[in-house]
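Just below is one structure, and these are the notes that go with it.
Read the figures in this text as sums done on the coordinates, not as results from a lab. Source: prediction; values computed, not measured. All Cβ positions, even for glycine, are placed from backbone atoms using ideal geometry, and neighbour counts span all protein chains on display.
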Amino acid sequence: MPQIGDTVPSSRRLAPALVAAPLLALALAACGSDGDGSGGSATPTTVTPTSEAPDTPSATDTPSPPTQQDLEESVSAETERIRSSASAQLADAEGQGDAMEDVSVQGVPTANTGDLRTGLVRVTNPTDEAAFYAVQVDFVAGDGTVVDTVVAGFPNVGPGEQVERYVSSRTAGGSDTPTTPRIAKAERS
C-alpha cells in the first residue's frame, strides 16, 4: 500500500482523469445551454414526424380481431335477417304455399334437446335453380291446439340439394305439454 510521499506511477495518475473526462462531457451535455451564455437550462425540443408513409396504417386504423360476442351478434343478426325474410315471404303466400311437397319435419325427443320441443326440418329442392325456402312449423298439442309457431328460412338451396335445420319452440317446452311439430306453410322463391 502506498504511503504519503511515495511516488505513484504516471499511468495510475492518469486513470482517474481518463474515467472522469467522459463523465464530465456527458454531464455538461445534459445541462445544455439556452444560447445566451448564461448557462441556464435549454428549452426542451419535441420531435414530430413531418409526414407518414402512405401505406403505413396507424394504430387506430388496424381493426381489432372480433370477440366471441361480436361473432355471436353477427350470427344472431344474420339469423334474424333470414327469419324476417322468410316471415315476409310466408305472409304473401297463398294457402299453405307452393313448396309443401319439398319440406318435411320430424320430431326430436326432448331427452336429446334439454326439454325443448324441437323438430328437424328437411328441405329438398326438386327444381333446376337455387331457391330460398320459407317454412312455418307449428308445434301442435294433442287436442289440435297450436302451442307455438316457428318460422325458418333456408337460403340458396341448390338444385337437387337437400338441407336440414333444427327448429325449437321456446314456449312449448316441458313434459306437461306434449307437442308434435308440423309443417303449416312452405314457400319457395
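Taking amide hydrogens as placed 1.01 Å from N in the peptide plane, the amide H of V140 sits under 5 Å from those of V147, T180, R182, each at least 5 positions away in sequence or on another chain.
Peptides 92-99, 151-158, 116-123 ordered by packing proxy, namely the average of other Cβ atoms within 10 Å per residue, highest first: 116-123, 151-158, 92-99.
Per-residue 3J(HN,Hα) values for segment 112-124, derived from phi via the Karplus relation 6.51 cos²θ - 1.76 cosθ + 1.60 with θ = phi - 60°, read 8, 10, x, 6, 7, 6, 9, x, 9, 8, 10, 10, 10 Hz in sequence order (x marks Gly and Pro). Rounded to 0.05, the FRET efficiency of the R182 and N112 pair, given R0 = 25 Å and the Cβ-Cβ distance, is 0.80. The calculated FRET efficiency for the pair D70 and T124, based on their C-beta separation and a Förster distance of 41 Å, comes to about 0.75. Residue by residue, segment 126-132 carries 3J(HN,Hα) couplings of x, 7, 9, 9, 5, 9, 9 Hz when phi is fed to the Karplus relation 6.51 cos²θ - 1.76 cosθ + 1.60 (θ = phi - 60°); x denotes Gly or Pro.
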